[in-house]
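Each remark here refers to the structure printed beneath this line.
The values are calculated or read from the model by the stated rules, or taken from the named source; none is laboratory data. None of these values were measured; they are calculated from a predicted model. Glycine gets a Cβ as well: all are built from the backbone with ideal geometry, and neighbour counts include every protein chain shown.
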Amino acid sequence: MIEADQLTRRYGDFLAVDHVSFSIGQGEIVGLLGHNGAGKTTIMKMLTGYLEPSSGAARIDGLEVEANRKAVQSQLGYLPENLPLYPEMSVSDYLAYSAELRGVDVPSAVRRAIEATELEEKALDPIATLSRGFKQRVGVAQAILHEPRFLILDEPTNGLDPGQTQHMRQLIRRLAEQATVILSTHIMQEVSAVCDRALILRGGRLVLDERLENLRTSNRLSVRTSSEGNLLELFSKLPWVERLHQAADGSWQIEVAGNLDQAAHGATVALLDAGLPVYQVAAVQRDLETVFREANEGEAPVPGATRGEEAQHAA
């Protein structure tokens with residue numbers, strides 16, 4: 001398990017990370033999401049032991065990072081934002097050097113990492129000659145040489161073209177079969193493509209912590225009936241209807257207070273009792289880009305907010 005317990009980091013008067021708490025269970029793929037400067041990289045450096053927190057604690061598998069740095073780092077694979085590569089070395093020589101530093105069996109570790117990242121055709125090439133996508137793969141290969149149980153990847157798709165991005169996503173999914181993964185990004189599509197859960201940061205604070213399937217679910221129903229059916233009078237009397245309007249496509253959009261499944265059942269019964277046909281009664285799926293924008297701009301409450309910012313500052 002990866003845990004952050006009231007993690008805080010100051011640089012002089014600047015508060016980069018403000019009492020952030022979360023825990024990540026075994027086998028999860030979690031996206032740490034936020035605009036540039038939100039605190040993502042600072043949190044990752046504290047989780048990996050490369051930066052001490054001003055207050056609070058980070059724990060990996062129950063061990064406090066600051067007090068057990070070497071033991072923790074032996075279980076971690078880390079891809080920093082700025083790739084730790086030596087351009088004059090070949091891929092295989094660089095990985096062999098990194099494996100020696102890790103104290104693992106060099107031939108088997110290098111072979112396994114090259115196969116996992118599909119670098120066979122580039123193994124003897126100087127790193128300086130590689131594309132950005134292949135350099136990212138080399139960075140991931142060095143992170144998994146020691147078969148870590150926890151992987152922390154800082155902006156793993158940054159600067160990649162669409163094909164390279166797709167390959168990196170597939171690689172992360174494969175690695176997650178054996179490890180817990182936390183990755184940072186400022187792009188919601190990356191979280192949507194590979195993650196189970198999103199943590200959204202704004203100004204150093206955690207403002208949202210929620211599973212993606214919950215983020216996609218809104219508190220709205222979309223209802224379609226015949227053109228003769230005016231639902232304003234019919235539905236405005238129901239206690240679970242907060243707001244109701246007719247969209248441009250002819251559907252009726254209902255904001256629901258309470259259980260969405262019960263509301264869908266109630267809407268269906270109300271239509272049938274009124275003698276109206278039921279063409280559609282369905283939950284409206286949220287646009288994840290909208291969720292990200294709302295969380296970052298503070299325009300509206302978002303699901304799971306109480307697990308982040310509100311929970312941190314309730315005391």
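A few comments on the model shown:
- For first residues located in the range 254-278 and polar (S, T, N, Q), partners that are buried (at least 17 other Cβ atoms within 10 Å of the Cβ) and lie 6+ apart or on another chain with Cβ distances below 6 Å form the pairs T268/V281.
- Sole residue being at pLDDT below 95, in the same structural domain as M44 (by TED's automatic domain parsing) and either small (G, A, S) or farther than 30 Å from A38 by Cβ (or both), chosen from E88, E155, E115: E115
- So L175, is it modelled with pLDDT under 90 and surrounded by 20 or more Cβ atoms within 10 Å (Cβ to Cβ): yes
- Output for the range 276-315, where each listed residue is modelled with pLDDT of 75 or more, among the hydrophobic types (A, V, I, L, M, F, W, C) and assigned to a loop (DSSP other than H, G, I, E, B): L276, V278
- Subset of the range 77-96 [out of contact with any Pro (no Cβ under 8 Å at 6 or more places or on another chain) and acidic (D, E)]: E81, D93
- Look at (1) of a type outside the set (D, E, K, R); (2) under 22 Å from L160 (Cβ atoms); (3) buried (at least 24 other Cβ atoms within 10 Å of the Cβ) and you find that L208 fails only one, number (2).
- Unmet requirement for V17, which otherwise passes all of (1) farther than 30 Å from L124 by Cβ; (2) outside any loop (DSSP other than H, G, I, E, B); (3) at pLDDT below 95: (3)
- Restricting the range 211-230 to residues that are modelled with pLDDT under 85 and in a helix (DSSP H, G or I) leaves a set whose member that is surrounded by the fewest Cβ atoms within 10 Å (Cβ to Cβ) is E213.
- Some residue of the range 189-202 being touching a residue at least 12 places away in the same chain (Cβ under 8 Å), out of contact with any Phe, Trp or Tyr (no Cβ under 6 Å at 6 or more places or on another chain), among the small types (G, A, S) and on the phi > 0 side of the Ramachandran plot: no
- Out of S227, S236, S222, sole residue that is without any contact (Cβ under 8 Å) to a residue 12 or more places away in the chain and either basic (K, R) or not assigned by TED's automatic domain parsing to the domain that holds Q26 (or both): S236
- Scanning the range 251-275 for residues that are modelled with pLDDT of 85 or more and part of a loop (DSSP other than H, G, I, E, B), we see that the one that is surrounded by the most Cβ atoms within 10 Å (Cβ to Cβ) is S251.
- Test result for R243, within 28 Å of V72 (Cα to Cα) and among the charged types (D, E, K, R): no
- Top-ranked residue of the range 125-141 - restricted to ones that are of a type in the set (S, T, N, Q) and modelled with pLDDT under 95, ranked as surrounded by the most Cβ atoms within 10 Å (Cβ to Cβ): Q136
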